[in-house]
Amino acid sequence: MSHLLEVIDLEVKFGLRFGDLTAINGISFSLDQGERMGLVGESGAGKSVTGFAIINLISKPGFISGGRVVFNDRDLTSLSTEEMRDIRGNRISMIFQDPMMTLNPVLTIGTQMVETLLAHRRLTRAEAESIALEKLRKVQIPSPEKRLAQYPHEFSGGMRQRIVIAIALLTDPAIIIADEPTTALDVTIQAEIMDLLQQLCESERTGLILITHDLGVVSQVTEKMAVMYAGKIVEAGPTDRIVADPRHPYTQGLIQALPGSLQPGSRLNQIPGMMPTLTDIPPGCAFNPRCPLCETICRHQEPPLIPVDHLTRQVACHMVTPDPGQTTR
Ligand SMILES: Nc1ncnc2c1ncn2[C@@H]1O[C@H](COP(=O)(O)OP(=O)(O)OP(=O)(O)O)[C@@H](O)[C@H]1O
Ligand SMILES: [Mg+2]
């Protein structure tokens, strides 16, 4: 059976004067209806670029240089701008860290919600308004009728992010991509909003790709996760398994030293050294200069993703033994 979304060998480059830099280097994953997946990794790993690439919104000088993004059996990387408009903000919605990336400061919330709906659906204004109200109720905005006539600046940060979620839900998307949706908010509000997003995705059977530095949130909200390093996935599998028993030395580094059970607010552990910039990704395994287990092979040969943990997980590390009977690809 085909997946709702399938990212296959996706590659993104940025064309600069001195040549192309590879930001996303052949990543693959899938998402089924109602499935929630976390995308984690340090700053610069390529998480946001992946999110933008899925909705074909990489802006120049960036471009998708390889691979496919198959959604409902259609390759999004080959759609026209017109066809893509029918998917983006409609079948796949994106939520950003800063609500003002979505909200227009000079329009009322009601106008923005109604216009978004009318852009994608054949509805009367009255019908659009009633859907807007229904979604505001869903994200628990008090007195939504009154709120429709207000401008973004009349809301608190947490309320603004709820409205952005309501806008993301307007068209009943199949997938929401949320890029650090709560990091600008204080911790208690973050937890409330993440709860809400999880509940809504669950009840509406909406797929979620949650991009975050917060391992607590990933383990609370998602069923599976992928860990990214220097534009590649280095470990992927069920969230609870990875968090309980990380296999890649990078994942181990990120999770180490975090207090016993993960609570929302658990940021990634600091690993000595830095993620390489795109101009100086080392040969072999990109993590080798920071890796406590590094051997000669790691400096020369890129480790492929291999299945481990009874085929439930994939890890790209020369030092991890594959499941018995599994050969490396
Ligand atoms: N417009 C651009 N031009 C050149 N390089 C870019 C551009 N946008 C992103 N990059 C590079 O692509 C890489 C991945 O960036 P990306 O924004 O996806 O990281 P991220 O994992 O989302 O990090 P963060 O956690 O800080 O948001 C980085 O090395 C970044 O410098
Ligand atoms: Mg980012």
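Details
Rundown of residues vs (1) within 16 Å of ligand 2 (Cβ to nearest atom); (2) part of a strand (DSSP E or B); (3) in contact with a strand residue (DSSP E or B) (Cβ under 7 Å, 6 or more places away or on another chain), yes/no style:
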residue: Leu117; (1), (2), (3): no, no, no
residue: Ile163; (1), (2), (3): no, no, no
residue: Ile177; (1), (2), (3): yes, yes, yes
residue: Thr183; (1), (2), (3): yes, no, no
residue: Leu200; (1), (2), (3): no, no, no
residue: Leu210; (1), (2), (3): yes, yes, yes
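- Qualifying residue in region 271-278 (condition: modelled with pLDDT of 95 or more, open to solvent by less than 90 Å² (accessible area, probe 1.4 Å) and not in a loop (DSSP other than H, G, I, E, B)): no
- Just one residue in the set Ser59, Ser48 is modelled with pLDDT under 95, within 16 Å of ligand 1 (Cβ to nearest atom) and either within 20 Å of the chain's Cα centre (by Cα) or in the same structural domain as Gly158 (by TED's automatic domain parsing) (or both); that residue is Ser59.
- Qualifying residue in region 42-60 (condition: assigned to a strand (DSSP E or B), in contact with an Asp or Glu (Cβ under 6 Å, 6 or more places away or on another chain) and open to solvent by 30 Å² or more (accessible area, probe 1.4 Å)): no
- In region 142-184, of all residues being of a type in the set (D, E, K, R) and under 24 Å from Ala119 (Cα atoms), the one that is nearest to the chain's Cα centre (by Cα) corresponds to Asp179.
- In the set Phe18, Phe29, only one residue is away from ligand 2 (no atom under 13 Å from the Cβ) and free of Cβ contacts under 8 Å to residues at least 24 places away in the same chain; that residue is Phe18.
- Residues of region 51-72 that are touching a strand residue (DSSP E or B) at 6+ places or on another chain (Cβ under 6 Å) and under 27 Å from Ile242 (Cα atoms): Gly51, Ala53, Ile54, Gly67, Arg68, Val69, Val70, Phe71.
- Cβ separations smaller than 6 Å between residues 6+ apart or across chains give the following pairs from region 87-114 residues that are more than 22 Å from Arg125 (Cα to Cα) to residues that are open to solvent by 20 Å² or more (accessible area, probe 1.4 Å) and not in a loop (DSSP other than H, G, I, E, B): Pro99/Arg160.
The values are calculated or read from the model by the stated rules, or taken from the named source; none is laboratory data. For clarity, every value in this text was computed on a predicted model and none was experimentally measured. In this analysis, Cβ positions are derived from the backbone assuming ideal geometry, glycine residues included, and neighbour counts consider all displayed protein chains. Accessible surface is based on the protein model in full, side chains and every heavy atom, while ligands, DNA and RNA are left aside. Shrake-Rupley method; radii C 1.70, N 1.55, O 1.52, S 1.80 Å.
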